[in-house]
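Just so it is clear, none of the values below were taken in a lab; they were calculated from the coordinates. All figures in this text were calculated on a predicted structure; none of them were measured in a lab. Here the Cβ is made from the backbone with ideal geometry for all residues, glycine too, and neighbour counts use every protein chain on show.
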Amino acid sequence: MRQVVLDTETTGLDVARGDRVIEIGCVELANRGLTGRRFHCYLNPEREVEAGALAIHGIDDEFLRDKPKFAEIADEFVEFVSGAELVIHNAAFDIGFLDHELGLAGRPQVAELARRVIDTLKLARDHHPGRKNSLAALCERYSIDHSQRTLHGALLDAELLADVYLAMTRGQESLLMEFATAEGADAVPAERPPLEILRATEDELRAHERVLAEIERESKGRCLWLRAEG
């Protein structure tokens, strides 16, 4: 199965107020292993980066000035994610921004491109209810080194998220492997010994009847076992 772990950085938090994507980072997984293929680009958003966003990712207007616009890389991005299962942390945020960019560029929306989307934030909340489930918290929980992450960055965060996702779903992988081993075409059915039937002795049958008679008496004629046997 082909999966693409994806992250974005943006000029701000509100796509409805005109914020834009400034970085996209993707890494590819196939059969639960990194393939080495990646998609990464910085983008000129044609607007200023907000101070709050700059404090998070450190990507400033001067750096982005000569970068391509989304429409210039749209086909390459569409080709990379098409048909894949997307793995995204807080997926609604990234998809909202990507759908906006794709729409402006006249390309299909994420739901039309991707096989499906896995939101690792929802997955983490299901696994760890009531706990912090930020990417940094999950890296700590699963002993994934994130010491190089002094600021947010789409490609670095996608790489860390891939490790988190694989760690979070490792139990599912084991179950699937066991099922495949047991049910696969090459599996050899185990030979089962014939079942041994142990019949009740006369003494055991008489003891059983005495117990039922006692239950019948105590329940004033409402012993269900006697009705069933009758």
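For a footprinting-style exposure proxy, rank Ser143, Ser219 by other Cβ within 10 Å, fewest first.
Ser143, Ser219
Neighbour counts of other C-beta atoms within 10 Å: give me Val81, Val5, Val87 arranged from fewest to most. Before the final figure, lay out each step's value.
Working: Val81 21, Val5 29, Val87 26.
With the fewest neighbours first, Val81, Val5, Val87 line up as Val81, Val87, Val5.
So what are the ³J(HN,Hα) numbers for region 9-25, from phi and the Karplus equation (6.51, -1.76, 1.60; θ = phi - 60°), rounded to whole Hz, Gly and Pro as x?
Calculated HN-Hα couplings, in order: 10, 9, 6, x, 9, 10, 5, 5, 9, x, 5, 10, 7, 10, 8, 10, x Hz.
Just the projected area, averaged over all directions, of the convex hull on the alpha carbon atoms of region 6-158: how many nm²?
Numbers: hull surface 38.0 nm².
One quarter of the hull surface, i.e. the mean projection, equals 9.5 nm².
Go through region 202-214 residue by residue and turn each phi into a ³J(HN,Hα) via Karplus (6.51, -1.76, 1.60, θ = phi - 60°); whole Hz please, and just put x for glycine and proline.
With the stated coefficients, region 202-214 comes to 4, 4, 5, 5, 5, 5, 4, 5, 5, 5, 5, 5, 5 Hz.
So how far, in whole Å, is the C-alpha centre of region 1-33 from the one of region 70-96?
6
May I ask you to evaluate 6.51 cos²θ - 1.76 cosθ + 1.60, the Karplus curve with θ = phi - 60°, for each residue of region 44-57 and list the ³J(HN,Hα) values in order in whole Hz, giving x for glycine and proline?
Values, residue by residue: 7, x, 6, 7, 7, 7, 6, 4, x, 5, 4, 5, 7, 10 Hz.
Taking every eigenvalue of the Cα gyration tensor of region 116-162, multiplying by 5 and rooting it, what semi-axes result, largest first, whole Å?
Value: 19, 14, 8 Å, ordered largest first.
Among Tyr42, Tyr165, Tyr142, which comes first, second and so on when ranked by fewest other beta-carbon atoms within 10 Å?
Placing the least packed residue first, the sequence is Tyr142, Tyr42, Tyr165.
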